[in-house]
Every structure is written in C-alpha cells, then in structure tokens.
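Reviewing the structure listed below.
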Amino acid sequence: MHVLMLGVAVLFLAWCMHLPLTLLPDAALDDALFWQLGAKLVGGSWLGRYDELTLAKGPTFSLFLAMNHGLGLPLSLSLGLVHLGTVWLLGRELRHWGLSARWTLLAMGLLLIQPAALPIRVVRDALYHDLTLLVLVGLMHLLRPGARRATAWAYGAVFAAFWATREEGVWMLPGVAAVLSLAVWRRRVDWLSALRPWLQAGGACALVLALVCSANWLRYGIWAVVDFKRAPFVETLGLLGGIEAGPVVDYVPVTRLQREAAYAVSPAFAELRGVLEDGGADWKAWGCGLYPDTCGDYAGGWFMWALRSAAAARGHFQSGVQADAFFARVATELRDACESGQLKCRQLAVPFLPQMSYRAWAAFPGAIQRAWGMALYQERVPLTDGPSRGSPEAVAAFARFTGLARYMPLSQDDVWRIQGWLVSPRGDWPELLCGEGSRTQVIPIERLPSPDLVTALQNPKASDNRFRVQVADGAQCQIRLIGQPDVAMPLTALRKGFQAPLPDGGRVAIDRVSHGVGDGAALRLKYALGELYRHAALPFMAFAGLWILLATGLRRAWRQPAPPLLAWGLLCWALAGVRTVLLALVDVSAFPGVNILYLLPCTHLWVLGGVLLMAAAQLIYDSTHHPDALPQ
C-alpha cells in the first residue's frame, strides 16, 4: 500500500509540473505584486520601499514565492508538494477520528486530484485553499486528547499564515470558536488542561503575526500585517460610502455626487479631486467592462484602489504613519460634517461594501445559487487563464523567478476547437448560441467541404456537411439545430468520437476536440477530471452525504452519542456555506466574487463534508446492528 501511495504521489507531482501556468507580469494588484514583493524579500530589503501597494495584501504568498526561489524549485512543483502534504496530513488526522481506511482514501483521492486545485496563475489563491484545509486539520488535532506541544505550535503558525494570506480570514472564526467551545465543554471539569494546546497554538499564531508586524513597524513605522484594514482608511471608506447624496447606483460604492459632497466639507479629501475626477480612467475602465451602468464612475472594489492611488499621487504614501495621518484627517473632517449636519450620513454595516439597492438584494439568492453551483463544478473549470500577457522580457523574468519551465506562451490563443460533421435528410444545420439572457448571441456555423462523407455514406448530398467551431475558453455556448431550440447540447458535453441521431433520422458526429494550448496529456487529463467532477463526483458528495444520513435514520443519532465524524462533516458544510454567502454578497454589491479561485476552499469543504457525512451515516446504521461499532 505504501508503495502504491508513493507512486500516486510521484505521478501527481509529475502531472503538476506538466501543467502550464499563465504569467501576468503586468497584473499590478495580483501576480506582479506578489512577484515584486517576493523579489524584494530575496534581495534582503523586506518588502521594499513603502507605497500604496506594499502592505495592501498579506505577505504569506510573497514569502512563499521567495522561499520557492531560494530553493530553486519550479513553483508548480512547490504548490503540488504543499497540496500533497496537506491531503496526507488530513487523511492521517481523519484516521485518528475513526474514519475507516476506505473512506479516508476516498476523501484523500477526491481532494488530491481536484482539477480546480491545480493553479493556473501565480496568485495567493493557489496557496489559500490548502491553508484552509490545514487550519481544519489543526482544529481536528487540537481537539484530540494528548495534542503535543510541537504540533500545537506548528498549527498555530499555519493559522497565522492563513490569516496573513487573504484579508477576509474572519469567515473561519466561527468554526474555530465552535471547536474551541466543544473542547472546553468536553473537559469542563479540567478545562484548563483542555485549553493548554489551544493556548500554545494561539501563542504561536500571535508570535508569527507579531514578527510580521514588528518587521513592518521597523521598516514602515506601522504595527500591522496589512494597512488595508487600518482604522483610518476603513473609517474613511465607510464615511464616504455613507454620504446621502443622489440615488444609490448598484456596484458604485462612492458616486460622483457623494464625492462632490465630500470635497465641499473636507479640505483633505479635496486634495484628491484632480486625480479622482480628471484621472482614474484605468480604474473606471475595469468596472465599466463588467457593469455597463457604472461606466464613467468607479465600480466596486476598484474605488478603494483608486483612492489609495490618488493619495499616493498627492504624496501621502511616503510612509505608513503619513498614510494613516492623511486618512485620519479625511475621516475626522467627514465625521465632523456628518455630526454638524453639513452632510446627511448613514452608518454602513460593512465599510468595504457599497450601499445596495432593492435590485441588488433581489439578485442575492441567485448569486448564492450560482456560487454553490460553481463550487460544485457545475461550470467548467478553466484549463489555463489564457496566454501569458506582458512584454516578452517581463514574462521571461517572471518565469525565471518562479522557476517555471512550462508556462503559457504569449502568442497562443486560448480557445476550444471542435470539428465534426452533420448529415440531415431534410437539410438541417447547426448554429452556436453563446451567452445568457439579454447577452445571448447567435453565431452561424459555416459549411465546409466533405468529399469523404460522400464516399463513406454513399450520399452525394453530403458534399459540404463538415463544420469547425472555435470559441474562447470559458464561453458558455451550446450547439443547436437552426429553428429547433429543443435540439441543443452544451459544447462542453462534446467529445471526440461523440455521435448522436437527429430527429429526422440524420446524424451528428464529433471528430476532434482540441484546446488552444495544445493536446498535451496533462491538460486533457485535467479536462477529463473536470468533467468527471461536474457530472458525478461533487454533486454526488454534496447530495449523497445528506441524503444517506437521512435515509439511515438520523433520529437514531439523538438516542445515542453521535459519531464525531457527523460533527466534522456538518462543520465543513457550515464553513463552506458561510464563505459562499459572503462571496455572493460581494458579487452583487462590489465585484465578481463568484469565481472558482475564491470558491476553491468551499469546494474542498463540500467534498470533505460529504465524505464525512456518508461515513457517519454508515456508522449510525451499523450501530443499530452492532452497538459497539459507534466510536465514542
């Protein structure tokens, strides 16, 4: 068994190294930022000179890139090793909690080869999903009696890394609080002993974060992991968004009318008027492409970046202390204007989220449903993020720093190409239907010569019945017969060798399906796994877990101690639900929060929770026939 598992690990790592990443050296807020900060760390200057981007995002991924560069490993291999190690630690911990070998292998296998878990870009989300699982493993370990000091400290450091990777780590706190409360309740007679490993883990977490804060204080003069969550900046955002001036515009956190009202009462904010109103075209363009109603203004999360950029342009980001002082001055002036009645203001529940109209709230349930479906692979996972973009020199430098030999070339189109033929006695012909709702577009399909079909089918009318379809990766398209909307099929369902009869006795067949990055075995395997998860694995995990639990008689669980696996499975689903709802809220108010990169932690938690609930259902069922089968 150990030899088999070692072989699987080697094959998995080889697969990871053969998957190309898209390099975006010009993505100033994501890929390029982490690369540049990592390079500064390698150079020994901590995170470099202070500006509006230096502490905008947590340093964990930049530190990871710096360590990867120091080790001289390809980034794809390092991320694969982290994922492999995470799954192994999780499986080891699940065995301690009574999960049988076969259920453990199922959970490990489903988590290991998830196609969405394989990175497509050099962004922090490539690491965040594994840190999420490691935090869960840490909770399981700390709740077990006899947790060792060394491992408690290690998992505390993991939680610190998780906290310093993305800024919304608060979504995990309900789970931590629930498990900690359970630990104290289970050993309420000796609750101090129960708290000891938690205090050790908390101490390690605090120590790691304190070291990061200390480095930032020594270098930039502020005690913080990130300055995006500093009180003066957050308060400024909340006050600007709470000004009542003009109608609420969906996806616009601070409208032009709100800014004009703020300029009139805040001399400090008025310093930014020239930059925000006469400039900012790039920041406005991002939102305009996604939300046409926002064109000409700052949409969603882009306003926060535009505000920081404007402050930097006016010289207020020379140091952390200076930036804090400037935003504190803006906040004070706006607060005084609100209190004196110069401005009519309202308190925002969350400063980072814009005011929402009734239409936005009405779209919220649909966004939750879409996020849930995407987390369960109901939308096709992108194989890549398209061609690398930027100058050839910058892309090459990025590749050298990350140690990547395989990455997407600059000139390669990221498209799907499908070739096939259709023969119909009454002359039916297909067309493409792409998009959804009001954005639906009908695309005609050209007839191509097919002399081979004339010979093969002995049909002289089949001389121009071949077709070739080319669509961008990620496009939501279906192929259908012209004038027959009921005879349609999503392009993602088509495979090489696919054949199907037509209503009039004709036939459609697919000869070739290829991707713009080539027909590499690694990408074909990723695509095949994505389809497997979409049609079988994850929907089965999501629905079967709860269904089997109910079918075996959940009421029995209330008459005897429930298996711990039941609680862990429900916790996984609860955490996935919390993050799904938060991302859906962001999606209908600020920016596209429903995407697979943000939802990947939810995907892990859905599948793991499904396995644990099914295993718990089996234990509950077995306990009715074998009372000693249920672990206490």
Tally time: how many residues in the stretch 253-278 are buried (at least 22 other Cβ atoms within 10 Å of the Cβ) and either outside the structural domain of PRO292 (by TED's automatic domain parsing) or in a loop (DSSP other than H, G, I, E, B) (or both)? 5
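Quick one: would you say LEU112 is without any contact (Cβ under 8 Å) to a residue 12 or more places away in the chain, surrounded by fewer than 22 Cβ atoms within 10 Å (Cβ to Cβ) and of a type in the set (A, V, I, L, M, F, W, C)?
On the way: without any contact (Cβ under 8 Å) to a residue 12 or more places away in the chain: no; surrounded by fewer than 22 Cβ atoms within 10 Å (Cβ to Cβ): yes; of a type in the set (A, V, I, L, M, F, W, C): yes.
Judged against the criteria, LEU112 is not a match.
Quick check: anything in the stretch 9-16 assigned by TED's automatic domain parsing to the domain that holds THR165, within 18 Å of ALA397 (Cα to Cα) and hydrophobic (A, V, I, L, M, F, W, C)? Spell out the reasoning first.
Taking the stretch 9-16 first, the residues assigned by TED's automatic domain parsing to the domain that holds THR165 are 9-16.
Within this subset, residues satisfying the condition of being within 18 Å of ALA397 (Cα to Cα) are none.
Taking every residue of the stretch 9-16 in turn, none turns out to be assigned by TED's automatic domain parsing to the domain that holds THR165, within 18 Å of ALA397 (Cα to Cα) and hydrophobic (A, V, I, L, M, F, W, C).
Matching residues to (1) part of a helix (DSSP H, G or I); (2) of a type outside the set (Asp, Glu); (3) at positive phi; (4) modelled with pLDDT of 95 or more:
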residue	(1), (2), (3), (4)
ASP293	yes, no, no, no
TYR298	no, yes, no, no
PHE303	yes, yes, no, no
LEU307	yes, yes, no, yes
ALA310	yes, yes, no, yes
ALA325	yes, yes, no, yes
LEU334	yes, yes, no, yes
LEU348	no, yes, no, no
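Among the residues of the stretch 185-224, write down those that are of a type in the set (Lys, Arg), modelled with pLDDT of 85 or more and within 21 Å of THR151 (Cα to Cα).
Initial filter on the stretch 185-224 (of a type in the set (Lys, Arg)): 186-188, 196, 219.
So of that shortlist, the ones also modelled with pLDDT of 85 or more come out as 196, 219.
Within the stretch 185-224, just ARG196 meets the criteria.
Among residues belonging to the stretch 455-490 that are basic (Lys, Arg) and part of a strand (DSSP E or B), point out the one that is modelled with the lowest pLDDT. Give the derivation first.
Applying the first criterion (basic (Lys, Arg)) to the stretch 455-490 yields 461, 466, 468, 480.
From what is left, the residues that are part of a strand (DSSP E or B) are 466, 468, 480.
Working: ARG466: 92, ARG468: 83, ARG480: 86.
Of everything passing the filter in the stretch 455-490, ARG468 is modelled with the lowest pLDDT.
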Return the pair list, or none, for Cβ contacts closer than 7 Å from residues in the stretch 573-600 that are farther than 13 Å from ARG370 by Cβ to residues that are charged (D, E, K, R) and surrounded by 20 or more Cβ atoms within 10 Å (Cβ to Cβ), at least 6 apart or on different chains. LEU597/ASP125; LEU600/ASP125
Give the residue, chosen from ALA328, ALA299, ALA312, that is assigned by TED's automatic domain parsing to the domain that holds VAL248, more than 21 Å from GLY242 (Cα to Cα) and under 34 Å from the mean Cα position of the chain (by Cα). ALA312
Does any residue in the stretch 424-436 that is outside the structural domain of VAL454 (by TED's automatic domain parsing) come within less than 7 Å, Cβ to Cβ, of a residue that is modelled with pLDDT under 80 and crowded, with 16+ Cβ neighbours inside 10 Å six or more places away or on a different chain, and which pairs are these? none
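Just to verify a result, which residue in the stretch 4-60, among those that are in contact with a strand residue (DSSP E or B) (Cβ under 7 Å, 6 or more places away or on another chain) and hydrophobic (A, V, I, L, M, F, W, C), is nearest to TRP283 (Cα to Cα)?
Of the residues in the stretch 4-60, the ones in contact with a strand residue (DSSP E or B) (Cβ under 7 Å, 6 or more places away or on another chain) are 20-24, 31.
Narrowing the set further to residues that are hydrophobic (A, V, I, L, M, F, W, C) leaves 21, 23-24.
Numbers: LEU21: 26, LEU23: 22, LEU24: 18 Å.
Residue satisfying both the conditions and the ranking: LEU24.
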Enumerate the helices (runs of 4 or more DSSP H) found wholly within the stretch 526-632, keeping only those where 3 or more residues are over 30 Å from LEU290 (Cα atoms), more than 19 Å from the chain's Cα centre (by Cα) and at pLDDT below 85. 538-551, 596-625
Residue pairs, Cβ under 6 Å, 6 or more apart or interchain, first in the stretch 77-99 and among the hydroxyl-bearing types (Ser, Thr, Tyr), second part of a helix (DSSP H, G or I). List them. SER78/ASN68; THR86/ASP130; THR86/LEU133; THR86/LEU134
Could you please find all residues in the stretch 115-141 being under 20 Å from ALA206 (Cα atoms), out of contact with any Ser or Thr (no Cβ under 7 Å at 6 or more places or on another chain) and crowded, with 23+ Cβ neighbours inside 10 Å? THR132, LEU136, GLY138, LEU139
If we ask which residues in the stretch 26-45 are hydrophobic (A, V, I, L, M, F, W, C) and more than 14 Å from VAL226 (Cβ to Cβ), their number turns out to be 7
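Working only within the stretch 67-84, note down all residues that are hydrophobic (A, V, I, L, M, F, W, C) and either surrounded by fewer than 21 Cβ atoms within 10 Å (Cβ to Cβ) or modelled with pLDDT under 95 (or both). Outline the logic, then answer.
Start the filter on the stretch 67-84 by keeping residues that are hydrophobic (A, V, I, L, M, F, W, C), which leaves 67, 71, 73, 75, 77, 79, 81-82, 84.
Result: MET67, LEU71, LEU73, LEU77, LEU81, VAL82, LEU84.
Does VAL87 satisfy the criteria of being out of contact with any Cys (no Cβ under 6 Å at 6 or more places or on another chain), aliphatic (A, V, I, L, M) and surrounded by fewer than 19 Cβ atoms within 10 Å (Cβ to Cβ)?
Numbers: out of contact with any Cys (no Cβ under 6 Å at 6 or more places or on another chain): yes; aliphatic (A, V, I, L, M): yes; surrounded by fewer than 19 Cβ atoms within 10 Å (Cβ to Cβ): no.
Considered against the rule, which asks whether it is out of contact with any Cys (no Cβ under 6 Å at 6 or more places or on another chain), aliphatic (A, V, I, L, M) and surrounded by fewer than 19 Cβ atoms within 10 Å (Cβ to Cβ), VAL87 comes out as no.
The values are calculated or read from the model by the stated rules, or taken from the named source; none is laboratory data. Keep in mind that what you see is a predicted model, and the values were worked out from it rather than measured. Note: ideal-geometry Cβ built from the backbone for every residue, glycine included; neighbour counts use all protein chains shown.
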